[in-house]
1. So which residues in the stretch 183-202 are modelled with pLDDT under 95 and within 16 Å of the ligand (Cβ to nearest atom)?
2. Which residue, of Lys158, Lys99, Lys85, is basic (Lys, Arg) and not assigned by TED's automatic domain parsing to the domain that holds Glu213?
3. Pull up the stretch 101-119, narrow it to residues that are within 16 Å of the ligand (Cβ to nearest atom) and among the hydrophobic types (A, V, I, L, M, F, W, C), then point me to the one that is nearest to Glu213 (Cα to Cα).
4. Across the stretch 135-151, what is the total count of residues that are in contact with a strand residue (DSSP E or B) (Cβ under 7 Å, 6 or more places away or on another chain), at pLDDT 95 or above and of a type in the set (A, V, I, L, M)?
5. Could you please find all residues in the stretch 83-103 being outside any loop (DSSP other than H, G, I, E, B), more than 21 Å from Arg149 (Cα to Cα) and modelled with pLDDT of 95 or more?
6. Conditions first: (1) within 16 Å of the ligand (Cβ to nearest atom); (2) under 15 Å from the mean Cα position of the chain (by Cα); (3) surrounded by 16 or more Cβ atoms within 10 Å (Cβ to Cβ); (4) part of a helix (DSSP H, G or I). Glu154 passes all but one, so which condition is the exception?
7. Limited to the stretch 200-214, what total is found for residues that are surrounded by 13 or more Cβ atoms within 10 Å (Cβ to Cβ), out of contact with any Lys or Arg (no Cβ under 8 Å at 6 or more places or on another chain) and of a type in the set (A, V, I, L, M, F, W, C)?
8. Are there any pairs, at least 6 apart or on different chains, whose C-beta atoms fall under 6 Å, with the first in the stretch 126-154 and in contact (Cβ under 8 Å) with a residue 40 or more places away in the chain and closer than 11 Å to Glu103 by Cα and the second aliphatic (A, V, I, L, M) and not in a strand (DSSP E or B), and if so, which?
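The values are calculated or read from the model by the stated rules, or taken from the named source; none is laboratory data. Keep in mind the model is a prediction, meaning the values are calculated, not measured. Please note: Cβ atoms are built from the backbone with ideal geometry, for glycine as well, and neighbour counts cover all protein chains shown.
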Amino acid sequence: MKKNKTALIEEIGDMHLSSSVETPLRDDAFIKSDEEKIKNIQAHFKQIMEELGLDLTDDSLSGTPYRVAKMYVKELFYGLNPINKPKLSTFQNKYGYKKMLIEQNITIDSACEHHFLPITGHAHVAYIPNERVIGLSKINRLVNYYAHRPQVQERLCKQILEDLQKTLNTRSVIVMITAKHLCVSSRGIKDISSSTITIEYGGDFEKPATRNEFLNALNKENGE
Ligand SMILES: [Zn+2]
């Protein structure tokens, strides 16, 4: 018997079926302007609210469809559009710095693609430079960019890793994300204390000693 689509979604539940490292986007994703998208989402969201029985003539609710639409396009999901990708200029490694550089406690402010609910936490990123180095704030900007899409944490971790590996021309990058998912704490299992950790790495970080050096440095700084 063929199951209908809703039954299948229910069955999959909260399992993370990640298809690829790339965010699944349609070919025509950016043909419409941001303004056009805001206008359309505003109309759709108004319908959702009306379907829920809300009275949109109320002063407090009347502006919500527009606010949500603008927030989706310009803030929460600005990272979908490649045009918003930060420019990652690299510099010659003039100091000949060849050891680990760690940028830790980068704020993660994302949303899960299964429920459109917030994912919040921190990313810790390290790399061992080759001939190129990168401005520190660029790592934060890159994390921000990939976080501002409907995401799954595993994919977010890989997207940051692969981009930095390419930009820095080295495999030796590690990305660790610790985050809380509102879809776990405020619905479903309703567990407010659990958090999710993902770690992706390559190059020298394949060696347990190098990975431990990274983890030990994080622990010390966090006072744990
Ligand atoms: Zn979710």
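1. At the first step, the residues of the stretch 183-202 found to be modelled with pLDDT under 95 are 183-195.
Of everything in the stretch 183-202, those that are modelled with pLDDT under 95 and within 16 Å of the ligand (Cβ to nearest atom) turn out to be Cys183, Val184, Ser185, Ser186, Arg187, Gly188, Ile189, Lys190, Asp191, Ile192, Ser194, Ser195.
2. Details: Lys158 fails: not assigned by TED's automatic domain parsing to the domain that holds Glu213; Lys99 fails: not assigned by TED's automatic domain parsing to the domain that holds Glu213.
Testing whether each residue is basic (Lys, Arg) and not assigned by TED's automatic domain parsing to the domain that holds Glu213 leaves just Lys85.
3. In the first step, residues of the stretch 101-119 are kept if they are within 16 Å of the ligand (Cβ to nearest atom); the result is 108-119.
Of the ones still in play, those that are also among the hydrophobic types (A, V, I, L, M, F, W, C) are 108, 111-112, 116-117, 119.
Numbers: Ile108: 23, Ala111: 31, Cys112: 31, Phe116: 36, Leu117: 34, Ile119: 27 Å.
Checking each candidate, the answer is Ile108.
4. Total meeting the criteria: 3.
5. Keep residues of the stretch 83-103 that are outside any loop (DSSP other than H, G, I, E, B), which gives 83-84, 90-92, 101-103.
Keeping just the survivors that are more than 21 Å from Arg149 (Cα to Cα) gives 90-92, 101-103.
Those that are outside any loop (DSSP other than H, G, I, E, B), more than 21 Å from Arg149 (Cα to Cα) and modelled with pLDDT of 95 or more: Leu101, Ile102, Glu103.
6. With respect to (1) within 16 Å of the ligand (Cβ to nearest atom); (2) under 15 Å from the mean Cα position of the chain (by Cα); (3) surrounded by 16 or more Cβ atoms within 10 Å (Cβ to Cβ); (4) part of a helix (DSSP H, G or I), Glu154 is out only on (3).
7. Number of matching residues: 1.
8. Short answer, once both residue conditions are applied: Ala126/Met100; Tyr127/Leu168; Lys138/Leu88.
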